[in-house]
Amino acid sequence: MEKYCLDSLSNISEQNGMFCNITLLNVTGNDTGTKSIEDRLLEVLGPKRSPVFLPISLVYLLIFLLGVSGNLLTCTVISKHKKMCTPTNLYLFSLAVSDLLVLFFGMPLEIYDLWQNYPFPFGEGVCYFKIFLFETVCFASILNVTVLSVERYIAVVHPLKTRYVATNKHAKRVISAVWVLSLVCAIPNTSLHGIYYLNLPEKVAESAICSLIGSPWIYNLVILITTACFYIVPVTVISGLYLGIGIKLGRERHLSRGTMRENCSANISWRIHVERVRRRQVTKMLAVVVLVFAICWAPFHIDRLLWSCIMQWSVWTDLNQAVYQCVHLLSGILFYLSSAVNPVIYNLLSTRFRECFWDLTLTSLLRCRLKSRDLDSSTTWVANFAT
């Protein structure tokens, strides 16, 4: 009796650590005698190249260009402008770094997998690195968003505590702890993966894939725990925090209207009003970041849980396959889109970010133009001198 995995493993991205449990395959010697190795690989692993390689690659390329330029600009703005070096923006800097790691190291491997699903030519080291990278970034991103939301909650609801919590020194310590915790928590799932070869009945080098090689039930347990701890619980906590922030800002808006009517000519009241408006703008921007993050990462975790359930109960039907493939393609696009969309949100919703973005862009363009003009002048002078 033969049990097959998904017809096309090229649609199963290693970004999730969701690979076919090849140990389910029981290939008889008689079958291998009647079919060539290529036919058996095609039957078991599917086509080498994904049928959606071209359109998905084009989408990924657009996301890559948008994400890399936007996140590099974000990091440059925060590091070069003193007024932008705030605790909130340090968390955004950390989030941008995790996004750049995904785009620079994860996406190229992802596109390669779509182009050639097997054999995996890079060895176990790259296989471990790939799983470890995606797990680490997954955890670091949600933890960054969570601590960012906690910082915003304290700044709005408990402003007197901000001098202890909302400091750059404290933010750097928290960010360091976030990355250390993410690195440690990425180890379990990474340790369950490696290079697997099909035996038809002997080991076939052309079948090498970066796949789950550890115990399926341990893998399922890891997926359940990480989904709960690094998505469901944080999103629930963040929702509660922003609900509290919304209530607090609503009360402040009501009180500020009365204060402005009583002291419409007082300069101090106007400054308080401006500060509250700026704080509401920052909070609104971060709330949108969190909402987009939750939406983009939901299919990612649904994808992991769905594959975990399929492995657990072996309920792979044509309908399940179609549903899984749709969810997986959507989760891959949204996964990378979440790494590119944040700078767009900053530019649309934050006046300060927008001003700094434009200032940096225009300054860079001006420098390039001046260098070009100086080069042209030097070339003209040398030409005139030579004649």
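Can you spot a residue in region 39-48 that is basic (Lys, Arg), in a helix (DSSP H, G or I) and free of Cβ contacts under 8 Å to residues at least 40 places away in the same chain? Lay out the reasoning, then the answer.
The first filter runs over region 39-48 and keeps only residues basic (Lys, Arg), leaving 40, 48.
Still in the list and also in a helix (DSSP H, G or I): 40.
From what's left, free of Cβ contacts under 8 Å to residues at least 40 places away in the same chain: none.
No, the conditions are met nowhere in region 39-48.
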- Residue among Leu90, Leu109, Leu101 that alone is in a helix (DSSP H, G or I) and without any contact (Cβ under 8 Å) to a residue 40 or more places away in the chain: Leu101
- Can you tell me how many residues in region 61-110 are of a type in the set (A, V, I, L, M, F, W, C), in contact with an Asp or Glu (Cβ under 9 Å, 6 or more places away or on another chain) and farther than 21 Å from Phe335 by Cβ? 1
- Message: Could you go through region 311-327 and let me know if any residue there is of a type in the set (A, V, I, L, M), in contact (Cβ under 8 Å) with a residue 40 or more places away in the chain and out of contact with any helix residue (DSSP H, G or I) (no Cβ under 6 Å at 6 or more places or on another chain).
- Response: no
- Message: Give me the residue from region 18-56 that is β-branched (Val, Ile, Thr) and at pLDDT 65 or above and, out of that set, surrounded by the most Cβ atoms within 10 Å (Cβ to Cβ).
- Response: Val44
- Query: Among the residues of region 329-364, how many are surrounded by fewer than 22 Cβ atoms within 10 Å (Cβ to Cβ) and part of a helix (DSSP H, G or I)?
  - Reply: 22
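Okay, residues lined up against (1) over 26 Å from Cys75 (Cβ atoms); (2) not small (Gly, Ala, Ser):
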residue	(1), (2)
Trp115	yes, yes
Pro119	yes, yes
Phe129	no, yes
Ser141	no, no
Val150	no, yes
His158	yes, yes
Thr162	no, yes
Asn168	no, yes
Ala171	no, no
- Task: Could you please give the count of residues in region 131-169 that are modelled with pLDDT under 85, part of a helix (DSSP H, G or I) and within 13 Å of Thr86 (Cβ to Cβ)?
- Result: 4
- Query: Which of the residues spanning region 70-87 are hydroxyl-bearing (Ser, Thr, Tyr) and either in a helix (DSSP H, G or I) or at pLDDT 90 or above (or both)?
  - Reply: Thr74, Thr76, Ser79
- Task: Among residues belonging to region 229-252 that are loosely packed, with under 13 Cβ neighbours inside 10 Å and hydrophobic (A, V, I, L, M, F, W, C), point out the one that is modelled with the lowest pLDDT.
- Result: Ile247
- Say we look at region 180-201 and pick out the residues that are over 21 Å from Asn117 (Cβ atoms) and surrounded by fewer than 18 Cβ atoms within 10 Å (Cβ to Cβ); which of these is modelled with the lowest pLDDT? Pro201
- Item | Enumeration of residues in region 103-129 that are touching a helix residue (DSSP H, G or I) at 6+ places or on another chain (Cβ under 6 Å) and at pLDDT 90 or above | Leu103, Tyr128
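The values are calculated or read from the model by the stated rules, or taken from the named source; none is laboratory data. This one's a predicted model, so the numbers in the text were calculated from it and none came from an experiment. Neighbour counts are summed over all protein chains in view; Cβ atoms, including those assigned to glycine, are modelled from backbone coordinates with ideal geometry.
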